[in-house]
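S.K.: Right, I'll just put the structure down here and ask away after.
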Amino acid sequence: METDCNSYPHGCPCGFLGDPIKECSCSASAIARYQKRMSGPLLDRIDIHVEVPRVDYEKLAEKRHVEHSETVRKRVQAARERQLQRFKGTKLTCNAEMGPAEVREFCGVEPSAEKLLKAAMNQLHLSARAFHRVLKLARTIADLAESEVIAATHLAEAIQYRPRVGM
C-alpha cells in the first residue's frame, strides 16, 4: 500500500511510514488508529519534535570534524549556570520550569523575533501553551548561544521543533 508521508505526520505502528527505502506495511486504518492516540493536546506538551531519517552508510563512515562531547558538555553547563543565575531568588532552576508570568519576565525578544513569533502564531495556529513552550525553548537556545536576548534565529530554531500537524 502506498501512502503519502506528509498526510501522516506522526508515524505508524511499523515505523517505516515515509522511509525512502523500506515500505510501510501498515493499512490506512492502522495508521489512523495509531495517530489518533497522539492527540493535539498531548503533542502540544512535547517541546521538541525531530524527524530522524535513515542515514546512509557513506555519511556514517565519512571522516569529518565533529564537535567533541566535552565541548558540548561545557556549553550546556554554562547555559545551566546562566539559568541558575537568572532564577536566583526564585524557586526556579531552569527555563522549563517557567510559567507564563516568568516567560513574560525572562523571555525578552528582539523586534525581528517578535514579528516572527506573531507570524508563527497566525500561520501555525499555536495554542497559548505552544506559544509559551516555544519561548521557553528559544530562551534555552539563546542561553546555549550565550545571548541575553532571544534573537529571530533562536526563535526560528525553536519553532522548527514544533510538530508538523496537518501537513
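The values are calculated or read from the model by the stated rules, or taken from the named source; none is laboratory data. Since the model is a prediction, treat every value here as computed from it, not as a measurement. FYI the Cβ positions are ideal-geometry reconstructions off the backbone, even for glycines, and counts take in every protein chain you see. Side chains are part of the model used for accessible areas, which takes the heavy atoms of the whole protein and leaves out ligands, DNA and RNA. Shrake-Rupley method; radii C 1.70, N 1.55, O 1.52, S 1.80 Å.
S.K.: GluC sites (Glu not before Pro), restricted to region 54-94: which are DSSP loop and have at most 13 other Cβ atoms within 10 Å?
M.R.: Working: sites: Glu58, Glu62, Glu67, Glu70, Glu81; in loops: Glu62, Glu67.
When the GluC sites (Glu not before Pro) of region 54-94 are filtered for loop state and at most 13 Cβ neighbours within 10 Å, Glu62, Glu67 remain.
S.K.: Continuing with this model, one more query. I want to verify the translational diffusion coefficient of region 34-167 in µm²/s; compute it with Stokes-Einstein, Rh as the Kirkwood radius over Cα pairs, at 25 °C and 0.890 mPa s.
M.R.: Answer from the Stokes-Einstein relation: 148 µm²/s.
S.K.: Let me spell out the model: positive unit charges on the Cβ of Lys and Arg, negative unit charges on the Cβ of Asp and Glu, origin at the Cα centre of the chain. What dipole size does that give, in debye rounded to 20?
M.R.: Magnitude of the dipole: close to 540 debye.
S.K.: Taking the chain as the reference, fit the longest principal axis to its C-alpha atoms, fit the long axis of helix 69-86 to the helix C-alpha atoms, and give the angle between the two in degrees, 0 to 90, nearest 10.
M.R.: 50 degrees
S.K.: Using only Cα atoms, tell me the angle between helix 128-144 and the longest principal axis of the chain; keep it within 0 to 90° and round to the nearest 10.
M.R.: 70 degrees
S.K.: OK, next. Run down the lysines and flag those whose C-alpha is under 23 Å from the C-alpha of Lys74, throwing out any fewer than 8 positions away in its chain.
M.R.: The reachable lysines, counting only those whose Cα sits under 23 Å from Lys74, are Lys88, Lys136.
S.K.: Given the -39500 (n - 2.57) contribution per DSSP H run of 4+ residues, what per-residue ellipticity at 222 nm results for the chain, rounded to the nearest 500 deg cm²/dmol?
M.R.: Helices in the chain give a 222 nm mean residue ellipticity of -15000 deg cm²/dmol.
S.K.: Also: Can you tell me the relative contact order of the chain? Whole percent, Cα pairs under 8 Å, sequence separation 6 or more.
M.R.: Result for the chain is 25 percent.
S.K.: Solvent-accessible area of Asp56, probe 1.4 Å, all protein chains present, reported in Å² to the nearest ten, please.
M.R.: Spelled out: Asp56, probe radius 1.4 Å, area about 80 Å².
S.K.: Within the chain, what's the longest run with no trypsin sites (Lys or Arg not before Pro) in a DSSP loop and at most 15 other beta-carbon atoms within 10 Å? Give the range, please.
M.R.: 92-163
S.K.: In degrees between 0 and 90, to the nearest 10, how far off the longest principal axis of the chain does helix 111-124 point, with axes built from Cα atoms?
M.R.: Once rounded, the angle reads 30 degrees.
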